[in-house]
There are 2 protein chains.
Amino acid sequence: MLERMVSSDGPRTAAMLVIGNELLTGKVGEANLPVLARSLRGLGILLRRVVMVLDDVETIAREVRALSAAHDWLFTSGGVGPTHDDVTIEGVARAFGVDVVASREMTAMLEAHYKERLTEGHLRMARIPRGATLETTAEIRWPTILIRNTWVMPGVPEVFLMKIPVIEAKVGRREPFVSYAVYTRMDEGDLKPLLDGVVAAFPGVEVGSYPKWSDPAYRTKLTFDGRDDRLVLRARDAFVATLPPGEPQRVD
Amino acid sequence: MLERMVSSDGPRTAAMLVIGNELLTGKVGEANLPVLARSLRGLGILLRRVVMVLDDVETIAREVRALSAAHDWLFTSGGVGPTHDDVTIEGVARAFGVDVVASREMTAMLEAHYKERLTEGHLRMARIPRGATLETTAEIRWPTILIRNTWVMPGVPEVFLMKIPVIEAKVGRREPFVSYAVYTRMDEGDLKPLLDGVVAAFPGVEVGSYPKWSDPAYRTKLTFDGRDDRLVLRARDAFVATLPPGEPQRVD
């Protein structure tokens with residue numbers, strides 16, 4: 001089904017598994033995807049696929065198995081708290097055929113934090129899949145769980161965001177993706193032949209076209225993306241040169 | 001892999017396929033999922049799975065095939081404009097083994113709208129998978145594409161939202177999901193035994209627990225969901241009765 005894409009010159013690939021009934025019922029908006037996506041672009045990693053599922057151990061296990069096998073990195077988001085609906089640790093462990101154990105390091109940290117207020121509930125936050133490593137940086141001491149190529153991230157956006165530097169330190173930066181944009185008042189129907197021209201002339205550049213309905217300043221945003229900065233800029237400028245007088249409205 | 005869940009008393013199920021490089025690169029935030037999710041809850045349909053992929057015909061075809069077979073309804077979002085990166089119509093057609101044809105009805109509407117400004121580019125918006133029906137209501141005249149159990153929806157949030165009533169009219173309302181909430185200053189670790197109690201006593205009610213980091217008014221939000229309104233209310237009230245003095249902060 002999905003081929004693992006690892007090659008020397010293609011970008012590294014990633015997938016994200018988002019877990020939580022609250023997202024699939026529309027009670028809460030998903031906020032971690034844009035944060036992860038932008039971070040991965042800067043690292044030169046192509047995020048190819050996001051899957052969102054309910055709080056169900058077997059579903060999570062099946063997805064983790066498939067997504068981690070098909071990508072260089074997998075990031076899960078959500079389901080790592082202490083309550084009955086937090087089943088991600090169990091799902092990830094099942095995906096890799098290991099059991100769930102209490103991390104001595106995290107248990108000690110929880111004991112130090114909660115002191116005499118510590119409950120069995122709090123201690124559930126020390127559970128990890130056997131064989132996972134606990135990733136930290138000098139600044140971010142509370143560990144992030146990594147097992148094989150799978151990062152187990154919390155769903156709470158403030159905490160998810162805090163852990164991004166840990167990922168960036170471990171995963172490492174290679175040639176990042178760059179992105180430029182052109183804004184015009186033309187509609188997509190009129191732009192199509194011009195876009196077809198630049199797409200044909202620059203196969204190494206990814207060209208996107210996004211109509212905007214509610215902005216008086218422009219009608220369509222064109223994006224030019226890739227990992228070869230000079231080539232992407234040449235594609236953008238070649239496109240701009242084909243626009244009629246009075247266009248574009250703006251170039252980024 | 002995925003079992004089709006259709007039974008007389010279980011809820012109808014749905015999946016969503018979100019298409020667009022701009023979402024997986026973090027340039028644009030996804031805005032249609034919460035709109036669809038809330039609408040489906042009101043119709044009594046369980047949204048079980050969301051998949052987000054890049055603008056790639058073969059990937060879209062594979063996902064549409066799998067998701068439409070495993071759920072009662074599938075909703076795609078994005079990739080239906082006239083430019084080179086709009087490949088959803090092609091992907092959906094390939095999924096169902098049909099070709100792409102120009103809809104006479106949509107062609108006529110585009111001709112009437114653009115008049116002498118009409119271009120080949122505009123006419124691409126009349127392309128549909130062969131065998132698709134064009135769904136409308138008295139109020140919403142621009143058609144929404146439906147093929148078998150798959151709705152092909154636009155990605156632009158303003159237009160996606162406009163089309164929701166067409167879905168609601170066609171899909172029909174059954175016993176809706178209801179949701180109640182309780183807000184408390186307790187943390188999840190302390191709440192765990194109380195939550196385990198209500199989860200065990202009310203197997204028909206789905207109980208969720210969501211920590212909030214930045215709200216001074218409460219620390220954890222508990223949700224009680226299901227399709228049996230009286231049972232869900234009983235579960236919520238049974239839980240509230242187990243809280244210590246001074247709690248809850250609020251009940252919805």
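The values are calculated or read from the model by the stated rules, or taken from the named source; none is laboratory data. None of these values were measured; they are calculated from a predicted model. So basically every Cβ, Gly included, is an ideal-geometry build from the backbone, and we count neighbours across all protein chains shown.
Things to note:
- Residue satisfying all of: in the stretch A:132-169; farther than 20 Å from A:D86 by Cβ and small (G, A, S); nearest to the other protein chains (Cβ to nearest Cβ) among these: A:A169
- Test: A:A93 is among the small types (G, A, S), more than 12 Å from every other protein chain (Cβ to nearest Cβ), closer than 21 Å to B:E188 by Cβ and not in a loop (DSSP other than H, G, I, E, B): yes
- Residues that are charged (D, E, K, R) and under 18 Å from B:R130 (Cα atoms), drawn from the stretch B:63-94: B:R65, B:D86, B:E90, B:R94
- Count of residues meeting criterion [in contact with a strand residue (DSSP E or B) (Cβ under 6 Å, 6 or more places away or on another chain) and either within 10 Å of chain B (Cβ to nearest Cβ) or part of a loop (DSSP other than H, G, I, E, B) (or both)] in the stretch A:37-52: 9
- Taking (1) in contact (Cβ under 8 Å) with a residue 60 or more places away in the chain; (2) under 19 Å from B:T220 (Cβ atoms); (3) of a type in the set (G, A, S) in turn, A:A69 satisfies each apart from (2).
- Of all the residues in the stretch B:232-252, those that are closer than 15 Å to B:G197 by Cα and not in a loop (DSSP other than H, G, I, E, B) number 9.
- One residue from A:E22, A:E63, A:E105 being farther than 30 Å from A:D228 by Cα and at the interface with another protein chain (Cβ under 7 Å from one of its Cβ atoms): A:E22
- The stretch A:228-243 residues that are in the same structural domain as A:R185 (by TED's automatic domain parsing), paired with ones that are surrounded by fewer than 15 Cβ atoms within 10 Å (Cβ to Cβ) (beta carbon under 8 Å, 6 or more apart): A:D228/A:G204; A:L231/A:G204; A:A235/A:A201; A:R236/A:V251; A:A238/A:A201; A:F239/A:G197; A:V240/A:V251; A:T242/A:G197
- Test: B:D190 is at the interface with chain A (Cβ under 7 Å from one of its Cβ atoms), closer than 19 Å to B:P245 by Cβ and free of Cβ contacts under 8 Å to residues at least 24 places away in the same chain: yes
- Lone unmet requirement of (1) in a loop (DSSP other than H, G, I, E, B); (2) free of Cβ contacts under 8 Å to residues at least 24 places away in the same chain for A:Y218: (2)
- Test: A:T144 is touching a helix residue (DSSP H, G or I) at 6+ places or on another chain (Cβ under 6 Å), crowded, with 16+ Cβ neighbours inside 10 Å and among the polar types (S, T, N, Q): yes
- Boolean, A:Y210 is over 25 Å from B:D56 (Cβ atoms) and among the aromatic types (F, W, Y): no
- Entry remark, the stretch B:74-86: residues being of a type in the set (V, I, T) and either away from chain A (no Cβ under 12 Å) or within 20 Å of the chain's Cα centre (by Cα) (or both) number 2 in total.
- Scope the stretch B:53-72; condition under 16 Å from the mean Cα position of the chain (by Cα) and in a helix (DSSP H, G or I); matching residues: B:E63, B:V64, B:L67, B:S68, B:A70
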